[in-house]
Structures are given as structure tokens and as C-alpha cells.
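Encoded as C-alpha cells, the structure appears first; notes follow it.
The values are calculated or read from the model by the stated rules, or taken from the named source; none is laboratory data. All values derive from a computational prediction rather than experimental measurement. Virtual Cβ from ideal backbone geometry, glycine too; neighbours counted across all protein chains shown. What goes into the accessible areas is simple: the full protein's heavy atoms, side chains included, and nothing from ligands, DNA or RNA. Shrake-Rupley method; radii C 1.70, N 1.55, O 1.52, S 1.80 Å.
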Amino acid sequence: MEKYRIIGGKPLYGEVEISGAKNAAVAIIPAALMVEGVCRIENVPEISDTDMLLTILSHLGAKCRMLNKSTVEIDCTRVQINEAPYDLMRKIRASYYLIGAMLGRFGRAKTTMPGGCNFGVRPIDQHIKGMTALGADVEVSGGFVFATARGGRLKGAEIYLDKVSVGATMNVMLAACMAEGRTVIDNAAREPHIVDLANFLNSMGADIRGAGTDSIRINGVRKLHGGSYTIIPDQIEAGTYMAAVAAAGGEIRVSNVIPKHLDCISAKLREMGVEVEEDEDSVVVRRMRPLRRTNIKTQPYPGFPTDMQPQLCAVLSTAQGTSVITEGVWDNRYKYVNELRKMGAQIQVDGKTAIVEGVDRLTGAPVAACDLRAGAAVVIAGLCAEGETWVEDIQYIERGYQDLVGKLRALGADIELVEEDIPAPAMPQIC
Ligand code: UD1
């Protein structure tokens, strides 16, 4: 087992290049399963979630070839299997996109219930509602999801999602793009990765309009053909480095981004006294003075992203005054608060609300990454804390951040990956 060792207190300077968007890549790779021909996908982030999905596709018979570190060619022409490998599937949340992709192409799918970060209950009832409306019989039993299109091919339908769900919107979009006739998804999620998935599918021959609005219209096509596509930059990875410099101080350029996707994060950082300047495809983030308090409420896009909530909570831990964070998407997304408390943060959680009383400084401690973004939060806290922080369970972080250690080191952070056998210091005894 490996850990991160961080010596905090060093401001960050320099430039960091953002990788392709994880949440787009984890839908686009399964979408390649629907394509007869070669898909060349560029700007694929080098993270364990994408590795896992490529392995799953290979198990199903796809030919996957890395052309360089971030470009992959996937050929699923000869794939005929509609049953995904159990052990691999249950490790990641996004494996559920294989249900929509298999159902759309083969009219049948058998997958496991999805894994992924544990933010409390993560139902897939809206995915099932959408697929059922498209004419599938869907059954969940024994940890598996079985779906079969009645008559062998799905049929377009009008679907109203009861909850704004990223996963259900993308999954129903996947299933519908090869269905017979027209599908309308209302109350759809509007995240940038939904637009990216629609653009990918359209470039392979699908007919999807309105992605990025709450009403998506899909005219089913018989076949998808090969082509090339470049994944958008990762909004959350960019936001994480913006948060890191806000916490540690300094000035960095975050490059290869779409500044519009960062508006809500930039706005919050500015409220906290951080300077953010936008260029064409980069933002410069500068923090020279003490941070001010602010309030945050997470919401579906274009609201403040829930996937940035833990990182901003870490930043607010040392802001002047009391901040209030309200989690508007997940039921249980504050498990990491216990880890920040070990570092001296003063945070009270009551249901979906966290009250953060800014302290003068955090102190390094042995902490764990409870999930992907929680892991990013403790790293950010470690960067601004006094002394040494050890982060364990970093496999969660590596699910979604390409070369976090290398990128932070290039900005001047004192962080390294160490092997387990170097013992982390024990927590000091409090008498
Ligand atoms: C995706 C992201 C995750 C992010 C989340 C919200 C991926 C792989 N993961 O997760 O990082 O935090 O969007 O931006 O892209 N819900 C239902 N029924 C459903 C589906 C969802 O009630 O069938 C609820 C969930 O419990 C949650 C809310 O809807 O409260 C939003 O979930 P959703 O947008 O579906 O999240 P994911 O797609 O799982």
C-alpha cells in the first residue's frame, strides 16, 4: 500500500495542465461499445477508472490500443457479448453506462449493480425508469441488473426524470440513440460531460439535440460508425488546483481548461478574496491575502458542483469567519470532515449542512482519503497545514486524478508517494 507524505506551508507557483474530464471519459469509453468501427478518443485521463473501463471492454472482446498516454483506439465491431465481468464492474460507479450501451446495441444487458464512492444511498431508479419507458424489461436481482428490450430493439419515448441525475441522463441517452424513433428526456441534467457525451455520439452518427439544456431530443439511428473525438478538460480537476492555491497561497496558471465551466468555482474563490483571471483556455489564480468566509450550496450544473464541496470545505477551514456549506445533491457527503478535524479544522455537521469556523492554521496529521474528492480535500489541507501530513487510501484519489503528486510537485509542493513500510507517525496522545 502506498501513501502520500506532504510537508505543508509551501505556496504554489507555476503552471498545471489539466487532463481530460473523468466523468466524460467514463461515459464515452462505454459508449464506444455501441460503435461499429474504430473510435479514436483523445485527451483520455490516465486514471484507474478509465483503465478499468478499457479492461472491461477488452474482456468483452473489444480491441483497445493506446496510441500514446492519452489517446486510445477502440474497436468494438466484433463485440457480441452482452454480459460484463462481475469483479471489474462492481469496482466503479460508471460501469452502469454499460447497461445503456449494451441495451442500445444488442437489445440485452447483464451487469452488476455499480460500485464507486459511497455518499450514502446511490439509487439507479431513474436509469431503470428511462430504460423501461424505452421498452426494456429491467430486473435487479442478486446484485445484477438484467435488461432486455421487448421485441429486440428499444423504442423512442418521452421520459421525465423525477430527479436531475447525471448518470440517468447519460444512460438513457446511450440507450435511446439506437432506439427506433424519437426520445425526449425532460428534466435532464446539464453538466458539461453530458454535452461531451452527446457530441461524441453525434460525431459517430447519432442524432442528439439539446444536450446542455433540460430537454434532450434524440432521433434513433440504426448504426454508429467510427470516428475521432477529443474529450473536454476536467472541470473538477481544474477546480481542485484552484482550491489548492487558494489554500496554500501563491499564483498558478491552470491551463487546458474551458473557463466557462469554472465560473461557479471562480465566483466562490473571488468571494473569498482570491484573484481569478480568465484567458482563452486557462485561468490564473492568485492568493496573496487572508481568505474571507463565504457560503456554498451545491446543486446540479450550472450550480456549484458537489464534487468540489470537500475541496472548498478544506479551503474554508482557514478562512476568517464562519462559513456555511449546504450539500444539495448527496445525503451523506461529509465523512471527510472527521479527517479535517484531525488536522485542527473546526467543522460541525448537521444533516446536509456543515458549519466551518475558520482557524488560524491547520496542523499535519495522519489522515485517510474516504473517497475521491474527500481525498483531494485532505491533500489540500495538508498543503496548507503546518508540519507533516500522511494520506492513506490514496487508491480513491488515483481513481480520478492523473499524476496528482507530479503535478503538485511541479508547482513547488512538498508531496511524495511513499511505500507503506515507512511508518507514519502515530496520532499524538491527548490526555
Ligand atoms: C455523477 C458523478 C459524481 C457526481 C454526481 C453529481 C460520475 C461517474 N459521477 O454521479 O461524481 O457527484 O454525478 O454531480 O459521473 N438519484 C436518484 N435516482 C437515480 C439516480 C440518481 O435518486 O436513479 C439521485 C442521487 O441519489 C443523488 C442525485 O440523484 O442524490 C444526483 O445523482 P446523479 O446525478 O445521478 O449522480 P451520479 O451520476 O451517480
Within region 313-343, of all residues that are hydrophobic (A, V, I, L, M, F, W, C), more than 16 Å from the ligand (Cβ to nearest atom) and touching a strand residue (DSSP E or B) at 6+ places or on another chain (Cβ under 7 Å), the one farthest from Gly239 (Cα to Cα) is Met343
What residue, of Gly375, Gly400, is surrounded by 19 or more Cβ atoms within 10 Å (Cβ to Cβ) and part of a loop (DSSP other than H, G, I, E, B)? Gly400
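Give the residue, chosen from Asp162, Asp125, Asp137, that is within 12 Å of the ligand (Cβ to nearest atom), open to solvent by 40 Å² or more (accessible area, probe 1.4 Å) and modelled with pLDDT of 95 or more.
On inspection, the qualifying residue turns out to be Asp162.
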Determine whether region 192-209 contains at least one residue that is open to solvent by 30 Å² or more (accessible area, probe 1.4 Å), in a loop (DSSP other than H, G, I, E, B) and under 30 Å from Val284 (Cα atoms). no
So Asn171 fits all but one of (1) within 13 Å of the ligand (Cβ to nearest atom); (2) open to solvent by 10 Å² or more (accessible area, probe 1.4 Å); what number is the exception? (2)
Taking Val16 as the residue in question, decide whether it is farther than 23 Å from Asp307 by Cβ, in contact (Cβ under 8 Å) with a residue 24 or more places away in the chain and of a type in the set (Val, Ile, Thr). no
Within region 306-326, which residues are surrounded by 24 or more Cβ atoms within 10 Å (Cβ to Cβ) and part of a loop (DSSP other than H, G, I, E, B)? Ser317
Lone qualifier among Thr77, Thr55 - being under 19 Å from Gly227 (Cα atoms), assigned by TED's automatic domain parsing to the domain that holds Lys110 and more than 16 Å from the ligand (Cβ to nearest atom): Thr77
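Every residue, every condition in (1) in contact (Cβ under 8 Å) with a residue 40 or more places away in the chain; (2) of a type in the set (Ser, Thr, Tyr); (3) away from the ligand (no atom under 16 Å from the Cβ), yes or no:
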position: Glu46; (1), (2), (3): yes, no, yes
position: Asp49; (1), (2), (3): yes, no, no
position: Ile92; (1), (2), (3): yes, no, no
position: Lys110; (1), (2), (3): no, no, yes
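Do we have Thr132 as of a type in the set (Val, Ile, Thr), open to solvent by 50 Å² or more (accessible area, probe 1.4 Å) and in a helix (DSSP H, G or I) here?
Yes.
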Unmet criterion (only one of (1) among the hydroxyl-bearing types (Ser, Thr, Tyr); (2) outside any strand (DSSP E or B); (3) under 30 Å from Ala376 (Cβ atoms)) for Thr111: (2)
Quick one: in region 307-334, of everything that is without any contact (Cβ under 8 Å) to a residue 60 or more places away in the chain and in contact with a Phe, Trp or Tyr (Cβ under 9 Å, 6 or more places away or on another chain), which residue is nearest to Thr363 (Cα to Cα)? Ile325
Please find, among Pro310, Pro302, the residue that is under 20 Å from the mean Cα position of the chain (by Cα), over 18 Å from Gln348 (Cβ atoms) and within 16 Å of the ligand (Cβ to nearest atom). Pro302
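Show me the helices (runs of 4 or more DSSP H) found entirely inside region 1-97 where at least 1 residues are surrounded by 21 or more Cβ atoms within 10 Å (Cβ to Cβ) and modelled with pLDDT of 90 or more. Give the steps one after another, and end with the answer.
Details: elements: 22-31, 48-59, 86-89.
Where helices (runs of 4 or more DSSP H) fall fully within region 1-97 and carry at least 1 residues being surrounded by 21 or more Cβ atoms within 10 Å (Cβ to Cβ) and modelled with pLDDT of 90 or more, they are 22-31, 48-59.
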List the strands (runs of 3 or more DSSP E) inside region 215-277, counting only whole elements, that have at least 3 residues being closer than 30 Å to Asp162 by Cβ and more than 24 Å from the chain's Cα centre (by Cα). 215-219
